[in-house]
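Below is one structure, written out as structure tokens; the observations come after it.
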Amino acid sequence: MATTVSTRNKAERLDLTSTKPRSLWGDARRRLLRNKAAVIGIVVVILYILIAIFAPLLAPKNPVEQTARNSLRPPVWVTDNPERQPNPENWLGTDTNGRDIFSRLLYATRISLIVGVAPQVIILAIGVTIGLVSGFVGGWLDNLLMRCTEIIASFPDLLFIITLSIAFRDSWFGKAFNGLLLIFVALAIISWTGLARLVRGQVLSLKEKEFVEAARALGVPTRTILARHILPNTLAPIIVATSFSIPGMILAEAILTFLGVGMRSSVEPSNPFPTSLGQMMNEGYNNLSSGPWMLFFPVVMISLLVLAFTFVGDGLRDALDPRDSGE
């Protein structure tokens, strides 16, 4: 009997030691996948990415090809207008120049995704660097960096971007990549301040922790402490903030282009970025009475993309901060 109990205790101890504890990121992934809205958002974002990558294969027409006597054709299911009958070759109709709207939508998703993601590189580089240095060093340098951050944050975002876009629109900088480079820089210059404040707040609390004090006592260089101890512990809020910043970038580009100070249109057949959703919205608004579908479809596309990123951001916030998710 004693032998049986001893064997059972050994087996239980082996089971306990063989079970690996779940990591923080493993728990976060599990909570994220249990969030149905976040999973739907991830699926939609992946779908948009695939559409943007394979747009040349999926598009039935060249997005800049103009067809004579084929302007303002309605979608194929709209057959109640005897003056404008749909063209079976243009599923979602055509614009005022006879260009296929479906093909243009596929290519336009490229701009929205690039504008949403590309400025984040500049925002992360500036915001994380200033937040780390300001929070860890403190003193006069902290005051100087935070006062500069507050000055930039005090500018009206949209007005500043419009002013910068108009000032450099006719220069080589404004013409590069049909105006995309100017939009990247303009959005990044005004958008890093929130991230810098967030990182600074995290660093102010982390630098008083025991593991940071121990590293200092051992003579570990400040650069190593920031890179190996402080920065990894701030990744969770940085990821969440970035996921919420992406839809803001997408909407900002659409608004700028809608106002006529964003990306330039292109008529070159070989251009991989011939149009954007903002441009299509502008064209649709100008022809709202004669072709409402020209405005409807780009609005739906950009709304779904922004909503998907918002769902992903909410899911990441709950997954990386279990206190907010009730676990």
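Read-outs: derived from the displayed coordinates by stated rules, not from any lab. Model, not experiment: these values are computed from the prediction. Note that we place each Cβ from the backbone using ideal geometry, even for glycine, and neighbour counts take in every protein chain shown.
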Counting only other residues whose beta carbon sits under 11 Å from that of residue 138, what net charge do I get with K and R as +1, D and E as -1?
+1
If you line up the Cα atoms of segment 217-303 on their principal axes, what length do they span on each, largest first, in Å?
73, 27, 20
DSSP loop (so not H, G, I, E, B), at most 10 other Cβ within 10 Å: list which chymotrypsin sites (Phe, Trp or Tyr not before Pro) in segment 72-135 pass both filters.
77
Just subtract the alpha-carbon distance of residue 235 and residue 151 from 0.36 nm times their residue separation and send over the number in nm, one decimal.
27.6 nm
Percent relative contact order for the chain, counting Cα pairs under 8 Å at least six residues apart, stands at 24
Evaluate the distance, in nm, between pseudo-label points positioned 7 Å from the Cα of residue 62 and of residue 172 along their respective Cα→Cβ axes.
3.0
Order by neighbour count: 100, 95, 170, fewest other Cβ atoms within 10 Å first, most last.
170, 95, 100
Those residues of segment 177-216 whose amide nitrogen sits under 19 Å from the label point placed on residue 223, 7 Å along Cα→Cβ:
215-216
What is the extension gain from residue 96 to residue 30, computed as 0.36 nm multiplied by their sequence separation minus the C-alpha to C-alpha distance, in nm to one decimal?
18.9 nm
Using the membrane-span-like helix rule (whole DSSP H runs, Cα extent along the own axis of at least 30 Å, mean Kyte-Doolittle hydropathy at least -0.5), which helices of the chain qualify?
101-137, 235-258, 293-320
Treat segment 124-265 as a sphere of radius equal to its Kirkwood radius over Cα pairs and apply Stokes-Einstein at 20 °C in a medium of 1.002 mPa s; give the translational diffusion coefficient in µm²/s, rounded to a whole number.
128
